[in-house]
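The values are calculated or read from the model by the stated rules, or taken from the named source; none is laboratory data. In this text, all values refer to a predicted model and were calculated from it rather than measured experimentally. Glycine also receives a Cβ, built like all others from the backbone with ideal geometry; neighbour counts cover every protein chain displayed. We work out accessible area using only protein heavy atoms, side chains counted, and drop any ligands, DNA or RNA first. Shrake-Rupley method; radii C 1.70, N 1.55, O 1.52, S 1.80 Å.
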There are 4 protein chains.
Amino acid sequence: MLILMDPGATAEQVRTVMDVLEGAGVRAYVQDSPAATSILAPHASKALKADRIEPLEGVSRVVPITSPFKLASADAAPGRTIVDVRGVKVGGRDLTLMAGPCGVESREQLFTVARYVAESGARLLRAGAHKPRTSPYAFQGLGEEGLELLDQARREFDLGIVTEATEVETFDGVERVADLVQIGARNMQNFALLKRAGRSSRPVLLKRGPAATLEEWLFAAEYVLSEGNRNVILCERGIRTWSAHARNTLDVSVIPAAKALTHLPVIADPSHATGRRDLVIPCARAAVAAGADGIIVETHCQPSQALSDGPQALLPSDFLQMVGQVTAIRDLLVKDSPGATFCF
Amino acid sequence: MLILMDPGATAEQVRTVMDVLEGAGVRAYVQDSPAATSILAPHASKALKADRIEPLEGVSRVVPITSPFKLASADAAPGRTIVDVRGVKVGGRDLTLMAGPCGVESREQLFTVARYVAESGARLLRAGAHKPRTSPYAFQGLGEEGLELLDQARREFDLGIVTEATEVETFDGVERVADLVQIGARNMQNFALLKRAGRSSRPVLLKRGPAATLEEWLFAAEYVLSEGNRNVILCERGIRTWSAHARNTLDVSVIPAAKALTHLPVIADPSHATGRRDLVIPCARAAVAAGADGIIVETHCQPSQALSDGPQALLPSDFLQMVGQVTAIRDLLVKDSPGATFCF
Amino acid sequence: MLILMDPGATAEQVRTVMDVLEGAGVRAYVQDSPAATSILAPHASKALKADRIEPLEGVSRVVPITSPFKLASADAAPGRTIVDVRGVKVGGRDLTLMAGPCGVESREQLFTVARYVAESGARLLRAGAHKPRTSPYAFQGLGEEGLELLDQARREFDLGIVTEATEVETFDGVERVADLVQIGARNMQNFALLKRAGRSSRPVLLKRGPAATLEEWLFAAEYVLSEGNRNVILCERGIRTWSAHARNTLDVSVIPAAKALTHLPVIADPSHATGRRDLVIPCARAAVAAGADGIIVETHCQPSQALSDGPQALLPSDFLQMVGQVTAIRDLLVKDSPGATFCF
Amino acid sequence: MLILMDPGATAEQVRTVMDVLEGAGVRAYVQDSPAATSILAPHASKALKADRIEPLEGVSRVVPITSPFKLASADAAPGRTIVDVRGVKVGGRDLTLMAGPCGVESREQLFTVARYVAESGARLLRAGAHKPRTSPYAFQGLGEEGLELLDQARREFDLGIVTEATEVETFDGVERVADLVQIGARNMQNFALLKRAGRSSRPVLLKRGPAATLEEWLFAAEYVLSEGNRNVILCERGIRTWSAHARNTLDVSVIPAAKALTHLPVIADPSHATGRRDLVIPCARAAVAAGADGIIVETHCQPSQALSDGPQALLPSDFLQMVGQVTAIRDLLVKDSPGATFCF
């Protein structure tokens, strides 16, 4: 069982609970988090019942371990969660669009893209300043200089900034600039990073790992939630399979499957899911048609010259076509859904 | 190189070509098909050039082996192929809907479903009389009795019949009743069955195998096409991956990827792709949004009592909702596509 | 429930059983096979118990459907099955070696390989006369001419012949020549072919499909067994995954996992599992170390000139090294296993 | 191109190289690491040749970017690397055995296991003090207390300690106790952690990620190597596939494939690869037969009571049987390999 203590529980109250557990021969561990202290007693249910613990002072709740997602579960919230990203309501009626280059390369490159992103009506700009790269010799991003350029772009074009945090060490800098902190696919089970994100005041965009099951993905969200940050957006970005025509396989059915299990918003990244420019728009439409609350997409003014991920970046004209189509599909679904739960 | 002979080429003309090849020290094989004779000389290009062969009498064309899909390739047709199934134009402007129970179980069951399929506006009824089953002890279909019931349903409800051929031995019976002969996923590389389908006068619905690459799928189509039957419809039905929330993973990006390589129509089967009733409609919408020319779906009057595949069959009310939504998405795409190539 | 009738059960006895079932409102199907008639009543257990059926005349046994592999199950035999292939005891103490070229190409090629296979001490020659090929334009084997050459090779070198049956239509010819009929990976769920093999007097080598679970593989074996042929050898040949350094992924743990579930012998094919000559010997050793009862491997006198699958064929010197190493590993395991169950 | 500077190169020398690059219109990035400074100029080869850079003062070497693994590559070392772990030569003639419980749970549990590990002849004890767990509510290890117990076990039983570092924050503590620092599968692309491990004086055990290609795994090793730590051992621990009989699929062919590309030692973890106690020994034998230089395995005095991963832990008697068999297979291979390259 998991014993959640009241936020203001005293050390003495925690000690009393531990004494009862140890008196019953149960091994238990105290777990501290800024949100609240909890006590994990994995094998307790064989030795004693919840009603021995619940009446103790300072105990908030006793949760049986069989139900795995305590905070991410659809049951844990009265309705669907709407995450506010600089005024953009992710998970609400309107489709959210996040667009921009894979990485920040220069002021000129970033501002050129930011300008047409803003003109298209999208309100969130995505671009990496810290880039996780397979090879240590590949371009790893402009770092602090990139973050500074993003900060300028926000003011210049009135766009919210979505950018990736790749490590605990540089999280503070990212947090200062980001309106939405992205945790990348390869870091989905970087638990130290998830816990740091859970202690941030910024909302978190949690990409699904390339080989993560839906359950593991929700557990990763739980790591963030259980540290106190309740603003998590999930993002499907393609999974690794043997199917060879695209870089990854967009697992479109995980979108409605996730929305059935959790109250968190779910968006999709058709750029990384396919790695092929000609497949990005069809897959963006597919994700929205399956119920995605938003799309995050790579755009580039001159895709053939991008330092990373050029072959999958949309041209400006393609991007505008995509925006029109996915918005129309979202509207169609919302109109056809009387209850307005946005879980189609 | 592959040497395609004229349809009326004589045995003597074939012999002359073989003499030239053997004279150059090249091993060659004569391949007969009802469409035309061809001569396969896999290593010929090292020993002699096409212009030694092309002028010979009876030779239609010399194809270099490097280009693998001779007949399925998008280059091999002036535009997109539209396959006519009892008046329904698959691959044309309108979305095609095929619906019905997994298997024919009884006259009452079939007619109940057929009635509401017809009333929904769909014009093609799908149901299996011969069922390929993992276990030899599972219900294998009503066979000839099932085909007879399908024939009655066609007349009663004015519906085209889509039903599966599972083996060469029983193909004739299926062919008599089917307006569209289905080759199932597990038979995608049953080459004898593909060749038999290639000699049929009926159009063929070729499901993608659960572990088939796009290339292998198009090669399977090529087996049918190269026997003379040019009416092939491709059907994505989910692939086998480690992603565990659904029975298979709908590979939605294969739809635009296939349409880029071939002139054949492509549809999707969200029922087998997911195996979960609550995921069927979102995935049907996703497939159409990605450019699928049609949807084949399982419906059932009382899904909980179906002998096979009950958990994935739609209820009548769900089916009507799906028809409305996927039709609206198709219309939206067609309107947004000025060239009317239906390759969005 | 599955009701197995006695081999000599009369039509009247079958009719009586059906009457009892229908009287209880249970739908049932009569299934005929040369071995025996059976009656499939999938939902019977809800309506009536086995002891209502078992006492009826002509009934051999009533099997509950929950246990899926009736004949392949390890419980269904007193010990491990040893399949006799022209005197070679597959599944016994000694490791079985099957070797030869991928396809028969000419008398000279076949006899050159057969000679050194025989000299190495291996007693079974493998080579395809009918080749299932992804492309209709690829070399499909010499057919009857190839079978005739295999027949000659048997007599010349005193080797048992292992060759593939690709379709029901040409099965008779294969059966005349083969001492062991191979069912290829792509045909693992070609149920008509499996049933034909089940009616053959020859033992059957059943390759695992590239995306087949252990359960599906055993069900495929059950198709052969349930038609009366009890001599089935299973063969792991690599599965399709995203792991890209080899053509397939040798699933080495399926060997002990299969031997835990079934009494049938299990061998491995490291050539198709890897597609790379330098990985064949390490993988052959791995399979034997995991408990495989034999190895089937491609060898070629001049691998670079083979019409198909050249890059994976072993050179003669490599083959002899492999034989020495895998034999030594088998001996080591047998000596360390006092009970002599060959299930290490 | 990648320009590696001499260890003692001055800031001025670096500046001169940058000037030449910028003068040629090439974008370049200075990358500092404790080992040496390097300059990354990804698109330089189009604008200027290596012989413009190589003569400059302070330049050690200019590496073309086409060859991706600069330091891990088999070409980069005169022979196979042998990593010394507290006197145990990993990658040498003798097979290395690492064994112990999944996690440290108590002094009694650890010492009981350590005693029979030592008695079996194994010289390295593995156990986690920091455990990466899918759920935030699962037992995360004893942390510092666990490390202290490991330190005691080392002295008591004269065993080298193998334990996992899960985050940069707690790396120092792990480093103080570990003779071999493990980077777990989920952290294979935690680049901050890899770089920290690259600055450690301890050898590193790098597990392959559950969905990592061979190339990505070697790039992860390159992250460690390029920071200056040249003592890396690779560990295959099963990959994620759809094959359902085991928790993961042991990708046995990656062992010889890796040894063909890199000079680093390669071992295998059959416990995590299978998750089933009855498959551990067959898979351990398979890995060694494929050329693995060692085995890391979970053992437990009372597997049914382990807090994590109990079902896959070997019993003491099983462990002794495994040691005998895998040692015998290694000896057999070494004897059969005259050149003693240990790359069989």
_Of the conditions (1) touching a helix residue (DSSP H, G or I) at 6+ places or on another chain (Cβ under 7 Å); (2) in the same structural domain as D:E215 (by TED's automatic domain parsing); (3) touching a residue at least 40 places away in the same chain (Cβ under 8 Å); (4) open to solvent by less than 10 Å² (accessible area, probe 1.4 Å), D:C102 satisfies every one except a single condition; which number is it?_
(1)
*Residue check for C:Y116: free of Cβ contacts under 8 Å to residues at least 40 places away in the same chain, more than 20 Å from the chain's Cα centre (by Cα) and crowded, with 16+ Cβ neighbours inside 10 Å*: no
*Output the number of the condition that A:R61 fails; it satisfies all remaining conditions of (1) assigned to a loop (DSSP other than H, G, I, E, B); (2) touching a strand residue (DSSP E or B) at 6+ places or on another chain (Cβ under 7 Å).*
(1)
*Please state which of the following conditions D:K46 fails to meet, knowing it meets all the rest: (1) away from chain A (no Cβ under 11 Å); (2) in contact with a helix residue (DSSP H, G or I) (Cβ under 6 Å, 6 or more places away or on another chain).*
(2)
_Conditions (1) outside any strand (DSSP E or B); (2) within 27 Å of D:N248 (Cβ to Cβ); number of the one not met by D:T163_ = (1)
*Which residues, taken from the stretch C:251-271, are more than 9 Å from every other protein chain (Cβ to nearest Cβ), touching a helix residue (DSSP H, G or I) at 6+ places or on another chain (Cβ under 7 Å) and either assigned to a helix (DSSP H, G or I) or open to solvent by less than 10 Å² (accessible area, probe 1.4 Å) (or both)?*
C:T262, C:L264, C:V266, C:A268, C:S271
*Taking only the stretch B:126-142 into account, find how many residues are in contact with a Gly (Cβ under 8 Å, 6 or more places away or on another chain) and either without any contact (Cβ under 8 Å) to a residue 40 or more places away in the chain or within 14 Å of another protein chain (Cβ to nearest Cβ) (or both).*
9
*Read through the list (1) at pLDDT below 95; (2) within 14 Å of another protein chain (Cβ to nearest Cβ), then give the number of the only condition that A:T112 fails.*
(2)
*Quick check: is even one residue across the stretch A:56-68 under 21 Å from A:A197 (Cα atoms), touching a Leu at 6+ places or on another chain (Cβ under 6 Å) and of a type in the set (S, T, Y)?*
no
*Among the candidates D:R247, D:R285, D:R276, which residue alone is more than 19 Å from the chain's Cα centre (by Cα), within 10 Å of another protein chain (Cβ to nearest Cβ), surrounded by fewer than 24 Cβ atoms within 10 Å (Cβ to Cβ) and at pLDDT 95 or above?*
D:R247
*State all residues of the stretch C:213-223 that are within 9 Å of another protein chain (Cβ to nearest Cβ), surrounded by 24 or more Cβ atoms within 10 Å (Cβ to Cβ) and either touching a helix residue (DSSP H, G or I) at 6+ places or on another chain (Cβ under 8 Å) or without any contact (Cβ under 8 Å) to a residue 12 or more places away in the chain (or both); if no residue qualifies, say none.*
C:A220, C:Y223
*Just a yes or no: is a residue in the stretch D:4-14 in contact (Cβ under 8 Å) with a residue 12 or more places away in the chain, of a type outside the set (V, I, T) and within 18 Å of A:F139 (Cβ to Cβ)?*
yes
*Count of the stretch B:310-338 residues which are open to solvent by less than 30 Å² (accessible area, probe 1.4 Å), within 15 Å of B:P101 (Cα to Cα) and in a helix (DSSP H, G or I)*: 3
*Name the residue, out of A:L194, A:L149, A:L125, that is modelled with pLDDT of 95 or more and either closer than 22 Å to D:V30 by Cβ or surrounded by fewer than 24 Cβ atoms within 10 Å (Cβ to Cβ) (or both).*
A:L149
*In the stretch B:79-99, how many are on the phi > 0 side of the Ramachandran plot and crowded, with 18+ Cβ neighbours inside 10 Å?*
1
*So is A:T134 under 24 Å from D:L71 (Cβ atoms) and modelled with pLDDT of 95 or more or not?*
no
*Filter pass, C:T274 being farther than 20 Å from C:R115 by Cα, free of Cβ contacts under 8 Å to residues at least 40 places away in the same chain and either β-branched (V, I, T) or outside the structural domain of C:D84 (by TED's automatic domain parsing) (or both)*: yes
*Return a yes/no flag: does the stretch A:228-243 have any residue that is facing chain B (nearest Cβ under 8 Å), out of contact with any Gly (no Cβ under 9 Å at 6 or more places or on another chain) and open to solvent by 10 Å² or more (accessible area, probe 1.4 Å).*
yes
*Please go through the stretch D:221-243 and pick out each residue that is farther than 16 Å from D:A76 by Cβ and either of a type in the set (D, E) or not in a loop (DSSP other than H, G, I, E, B) (or both).*
D:I233, D:C235, D:E236, D:I239
_C:E169 being in contact (Cβ under 8 Å) with a residue 24 or more places away in the chain, in a helix (DSSP H, G or I), open to solvent by 10 Å² or more (accessible area, probe 1.4 Å) and not basic (K, R)_ = no
*Mind checking which residues of the stretch C:167-192 are more than 8 Å from chain B (Cβ to nearest Cβ) and within 18 Å of B:M188 (Cβ to Cβ)?*
C:I183, C:G184, C:A185, C:M188
_Tell me whether the stretch B:5-27 contains one or more residues that are at pLDDT below 90 and away from every other protein chain (no Cβ under 14 Å)._
yes
